[in-house]
Amino acid sequence: MDRKDKYYTRAKKEKYRSRAAFKLIEIEKKYNVIGRDDYVLEFGSSPGGWTQIIREYTDMPVVSVDLNRMVPLDNVIFIQGNINDGSLHDKINEIMVSNGIKSFNTVLSDAMVKTSGNSEMDHYRSYELCENVMKLSVDLLSKNGNMLLKQFQGDMTNGFLDKWKGNFNFYKITKPHASRAHSKEIYILFKNKH
Ligand SMILES: C[S@@+](CC[C@H](N)C(=O)[O-])C[C@H]1O[C@@H](n2cnc3c(N)ncnc32)[C@H](O)[C@@H]1O
């Protein structure tokens, strides 16, 4: 498989930190997830391709979280932290208070561990990240807020949708062209929180 495909080449040319940037561009063009005045909370941000795109769509400060460090970007508050660690909620709250953020309008997660090749295990780990992102952030999301989460599709995906969709007016599974065709990766979009 050629990992240096057309999206990789475009990312280099357009100075995006990852080819993943094009997935968010595609989803944003189709579903309009981020508004100009939105406070965005982002999980799994490093190396920062999505963060660069979020910065293009909103004028407000962005809060980005990842296990791995990220080279700083203007108007981005970075938290090095673990989605699966309960103390992350307090860290996010501290950042909100010190920056006058009452709630987030949009929460995005592109978080994923390195895939193992075992599709059941990859699905379970990705499902667990999505569950913890929801638990961490659903109460930080404003009324009418949107969420977009990457998940490796599997047996628990429908249960995940059933559990969380009731909080929103609209939900959709989408797979951008920039996702590799053979990958089980999907993006779950929830729009307009009640
Ligand atoms: C596919 S990469 C994200 C790429 C990024 N969206 C971009 O456009 O540059 C997935 C990221 O999820 C992060 N991640 C995985 N597990 C995590 C966890 N438990 N907590 C926080 N971040 C995690 C990884 O460190 C990795 O940087």
(request) Name, by its number, the condition in (1) near the ligand (Cβ under 10 Å from one of its atoms); (2) open to solvent by less than 60 Å² (accessible area, probe 1.4 Å) that does not hold for K114. (result) (2)
(request) Write out, first by first residue and then by second, each pair whose Cβ atoms fall under 8 Å of each other, whose residues are 6+ apart or on separate chains, and whose first residue, in the stretch 81-107, is within 19 Å of N132 (Cα to Cα) while the second is basic (K, R) and within 16 Å of the ligand (Cβ to nearest atom). (result) G81/K91
(request) Report yes if Y31 is touching a residue at least 24 places away in the same chain (Cβ under 8 Å) and surrounded by fewer than 21 Cβ atoms within 10 Å (Cβ to Cβ), otherwise no. (result) yes
(request) May I ask you to list the residues in the stretch 1-34 that are outside any helix (DSSP H, G or I) and near the ligand (Cβ under 9 Å from one of its atoms)? (result) Y16, R17, S18, R19, A20
(request) Could you list, in sequence order, all residues of the stretch 87-110 that are away from the ligand (no atom under 12 Å from the Cβ) and within 17 Å of S126 (Cα to Cα)? (result) V107
(request) Output yes when any residue across the stretch 84-105 is closer than 24 Å to M156 by Cα and open to solvent by less than 20 Å² (accessible area, probe 1.4 Å), and no when none is. (result) no
(message) Looking only at the stretch 39-63, filter to residues that are within 9 Å of the ligand (Cβ to nearest atom) and among the hydroxyl-bearing types (S, T, Y); which one of those is surrounded by the fewest Cβ atoms within 10 Å (Cβ to Cβ)?
(response) S46
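The values are calculated or read from the model by the stated rules, or taken from the named source; none is laboratory data. In this text the structure is predicted, and so the values were computed from the model without any measurement. With ideal geometry, Cβ positions are generated from the backbone for all residues, glycine too; neighbour counts draw on all protein chains shown. Accessible surface areas use protein heavy atoms only, side chains included; no ligands, DNA or RNA. Shrake-Rupley method; radii C 1.70, N 1.55, O 1.52, S 1.80 Å.
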